[in-house]
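Asks: Below you will find the structure I want to go over with you.
The values are calculated or read from the model by the stated rules, or taken from the named source; none is laboratory data. Quick caveat, the model's predicted, so the values are computed rather than measured. Quick reminder, even Gly has a Cβ in these numbers, built from the backbone with ideal geometry, and neighbours come from all protein chains shown. In case anyone asks, the SASA skips ligands and DNA or RNA and just uses the protein heavy atoms, side chains included. Shrake-Rupley method; radii C 1.70, N 1.55, O 1.52, S 1.80 Å.
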Amino acid sequence: SIAPYMRTLLVIGKLGLYKRALELFRIIEADPALTLGTECYAAVFDCCALSGQWELGLAMLEEAKKKGIELDVDCYRGVIGSCTKGKQMRRAYDLFIEMVEAEIEPDEEMVAVGARLKQIVSRADAVAG
C-alpha cells in the first residue's frame, strides 16, 4: 500500500526536506507495486515551495506531464510557490497562465496569487520597457 509512504512523504514535504522527499519519491517510483499519482507529485511540489527549489519543481512538473499525471491546482500551487520563493516571478506567472489554459480551476487563494503575479510582472515589464 502506498498510504504509509504518502504519510511520510507529506511530513517530509511539510518540513521542506526536499532531498529526502525526492529520495522517498524515487523509492515509491521504483516499486512496481506502487502507483505514483497526483498526490505524490503535489507533496514533492509542496516541499519544493517550502525550500525554494524552483528548478527541481519545474523539472518534476515536466516529468509529471510526460508521464501523463493528472495535475491539479495543488500541484501548480507548489511549483508556483517554489518559483516565487526563488524570485522567479515571470516563470510563476507563466505557470499560473498554463494552469488556467489547461482548464485547472484556481481556488480563491490561487486567483489572488495570479493577480499579484500579474502586477509584479507588469511592473517589471514597464521598468524594463
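Asks: Counting other Cβ atoms within 10 Å, which trypsin sites (Lys or Arg not before Pro) in the stretch 20-129 have at most 14 and lie in a DSSP loop?
Replies: Sites meeting the loop and neighbour criteria: Lys67, Lys87.
Asks: Roll a 1.4 Å probe over the protein chains and send me the accessible area per residue for the chain in Å².
Replies: Result: 57 Å² per residue.
Asks: Hey, what do the phi angles of the stretch 99-105 turn into as Karplus ³J(HN,Hα) couplings, whole Hz, using 6.51/-1.76/1.60 and θ = phi - 60°, x for Gly and Pro?
Replies: 4, 5, 5, 7, 6, 9, 6
Asks: Using only the Cα atoms, what convex hull volume per residue in Å³ does the chain have?
Replies: Considering the Cα atoms of the chain, their hull volume per residue is 102 Å³.
Asks: Hey, quick one: spin label on Val127, modelled 7 Å out along Cα-Cβ, who in the stretch 82-96 has an amide N within reach, i.e. under 19 Å?
Replies: Counting only backbone N, you get 83-94.
Asks: List the lysines whose Cα sits under 25 Å from the Cα of Lys14, skipping any in the same chain fewer than 8 residues away.
Replies: Cα-Cα hits under 25 Å: Lys65, Lys67, Lys85, Lys87.
Asks: Taking the Cα of Arg90, stepping 7 Å toward and past its beta carbon, and measuring to each backbone N in the stretch 99-129: which are under 13 Å?
Replies: Within reach of a label on Arg90: 121-129.
Asks: Out of the total accessible area of the stretch 15-129 (probe 1.4 Å, heavy atoms of protein only), what percent is carbon and sulfur? It would help to have the intermediate numbers written out before the result.
Replies: Values: 3460 of 6470 Å².
It is 54 percent, rounded to a whole number.
Asks: Kindly report, to the nearest 10 Å², the accessible surface of Glu98 as traced by a 1.4 Å probe over protein heavy atoms only.
Replies: Here the residue's solvent-accessible area equals roughly 60 Å².
Asks: Just reorder Met110, Met6 by solvent-accessible area, largest first, 1.4 Å probe, all chains present.
Replies: Met6, Met110
Asks: How long is the gain from Gln119 to Val100 if the chain were fully straight, where each residue apart is worth 0.36 nm and the alpha carbon distance is subtracted?
Replies: Here the answer is 5.1 nm.
Asks: How far, in degrees from 0 to 90, does helix 18-30 lean away from the longest principal axis of the Cα atoms of the chain, to the nearest 10?
Replies: 50
Asks: Per-residue accessible area for Phe96 at 1.4 Å probe radius, Å² rounded to 10?
Replies: Looks like 20 Å² after rounding.
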